[in-house]
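The values are calculated or read from the model by the stated rules, or taken from the named source; none is laboratory data. Note that the structure is predicted; figures quoted are calculated from it, not measured. Cβ sites come from the backbone with ideal geometry, for glycine too, and all protein chains shown count toward neighbours.
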Amino acid sequence: MEERENHDKAKEKILDALIQRIYDKHAFSRSHILAVFIDLCSSNLVPKTYLFPLLGCACDRIKDTSANVRKKAIVLLHKIMEFYYLVFATSQNRTKFHSLEDLRREQNFNDTER
């Protein structure tokens, strides 16, 4: 049990260090850290608790001066949105995507609310 806790703490330290590097002064480093997070998200290795802070970091990097960083930030945002959908869908006991009728009904409801 203690070994598992040590593993989780080490994982959190690594993820925290990586998140800090997203704001590095060198565009090359920022770009590669975003690529690392893209790979981690694709492999489902980022805990749910890190998705929201990572979302904020990726949103900040969309305004970056480097085009490569902006591109990687957009890809990372896409991966995070996929995760958020899966987390939301499973928390709502959904195993499939919303049906077209559900989407239309939701859109009509939102249109009448405005």
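Okay, here's what the table says:
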| item | result |
| --- | --- |
| Residue within the stretch 55-65 that is closer than 13 Å to LYS79 by Cα, over 10 Å from the mean Cα position of the chain (by Cα) and not hydrophobic (A, V, I, L, M, F, W, C) present | no |
| Tally, over the stretch 26-58, of residues that are farther than 20 Å from GLU82 by Cα and either in contact (Cβ under 8 Å) with a residue 24 or more places away in the chain or assigned to a helix (DSSP H, G or I) (or both) | 6 |
| Condition met for ILE74 (at pLDDT 95 or above, in a helix (DSSP H, G or I) and under 21 Å from TYR85 (Cβ atoms)) | yes |
| Single match in TYR84, TYR23 (criterion: assigned to a loop (DSSP other than H, G, I, E, B), without any contact (Cβ under 8 Å) to a residue 40 or more places away in the chain and out of contact with any Ser or Thr (no Cβ under 8 Å at 6 or more places or on another chain)) | TYR23 |
| Subset of the stretch 54-71 that is touching a helix residue (DSSP H, G or I) at 6+ places or on another chain (Cβ under 7 Å) and of a type in the set (Gly, Ala, Ser) - its residue that is nearest to SER42 (Cα to Cα) | ALA58 |
